[in-house]
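Every number here is computed from the coordinates shown, using simple stated rules; none is lab data. Keep in mind the model is a prediction, meaning the values are calculated, not measured. Virtual Cβ from ideal backbone geometry, glycine too; neighbours counted across all protein chains shown.
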Amino acid sequence: MDLLETLQSNFGHAEFRPGQEAVIRSLVEGESALALFPTGAGKSLCYQLPALVRDGTALVISPLIALMKDQVDALRAKGIAAARLDSSLSAAETQQVYADLREGRLKLLYVAPERLSGETFLERLRRVKISLLAIDAAARQINEPRERVVKALTWLEETGAITQKPAGLRHGFRLCGDPVRRDPAAVAARLAELFGRREERDSQRLAQILDFAGQSGCITRRLLAYFGETLDEANCGHCHYCRTGVPSEPVCLPATVVAPFAEAHAVEVRALLSQGNRALSTPRQVTRFLCGLTSPATTRSKLTRRPEFGRFSAVPFRTVLEWVKRQA
Ligand SMILES: [Zn+2]
């Protein structure tokens, strides 16, 4: 299967972005894949391309109408048979989508989560060949009534598809308390503490996922157990493990450079720290900078153009942080 050719002729990209091809290859072959991508790294293509190649219609659950519309419009502009079912369609439009679905003319069908609780819709689905099921839980801010967003997100959380967490530490600010007695240092310390805790939670969650991916046995059973449920049978009988008996491969993190720090780098770091730049005044800020993580302040002061930016992006954050602290 020439996936690159499919990518070029249908999506107009010259090549895959890092990580996409391996995931797509697994899904095309009917296998499962666990992939972690940063925001904006091309997750959607990972189910859109297999949807084109596989027989049948891919069902994509998407919580937000605006997002669904964007995706479907973009796919249609590329000549891909995609449609959406949501409450904004007229009765005639809805009938057309159902007709296309029944005749097997759709490669991708986007639906809002609420749709899955309707018996009629589920009944229609039973007569359709589903090539794959994708849940696109993009947590973007969209101009939708809050109630709808909350309902959709709650549904996804109840089904175990997502874990909700408050975001927007950097996006929304509110002045609170008595302006005269407000202590900027205390507020900053509180924010730094919250940020640190969130960072800790995020890395714990990543570790959990890696641990999960490294376990062996029936994948369905493991997924259900992860969400606190059990399988009635001993094993599902149709996942990759059940069919082949091949255990999951151990998860290998990319190899990291061991202690690449030279005296010249130490001199650089001490120079950065002593420049009195407010965006680089603490070891943590310097570490983020050296690891190639931007912040509004480093971007604003154009620090990201400096040669030291991202110098240690291949080294674990903690390793760099410990080293920077020793230079401070
Ligand atoms: Zn199984």
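Numerical summary
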read-out	value
Chain lengthening between GLU308 and GLU233 when straightened (0.36 nm per residue, less Cα-Cα)	21.4 nm
Violating pairs (Cα-Cα greater than 19 angstrom) within the set LYS43/LYS129; LYS302/LYS325; LYS69/LYS107	LYS43/LYS129; LYS302/LYS325
ARG25-THR299 pseudo-label distance in nm [points 7 Å out on the Cα-to-Cβ vector]	3.4 nm
Pairwise FRET efficiency - VAL128 versus ARG190, Cβ, R0 = 41 Å, nearest 0.05	0.20
Extension gain, TYR98 back to ALA266 (0.36 nm per residue minus Cα-Cα distance, nm)	54.0 nm
In the stretch 282-316, the trypsin sites (Lys or Arg not before Pro) that fall in loop regions by DSSP, at most 15 other Cβ within 10 Å	LYS302
In the stretch 1-105, GluC sites (Glu not before Pro) in a DSSP loop with at most 10 other beta-carbon atoms within 10 Å	GLU15, GLU103
Gain upon complete extension [SER90, SER216; 0.36 nm per residue less C-alpha separation]	40.6 nm
Relative contact order [Cα under 8 Å, 6+ residues apart], the stretch 263-327, whole percent	34 percent
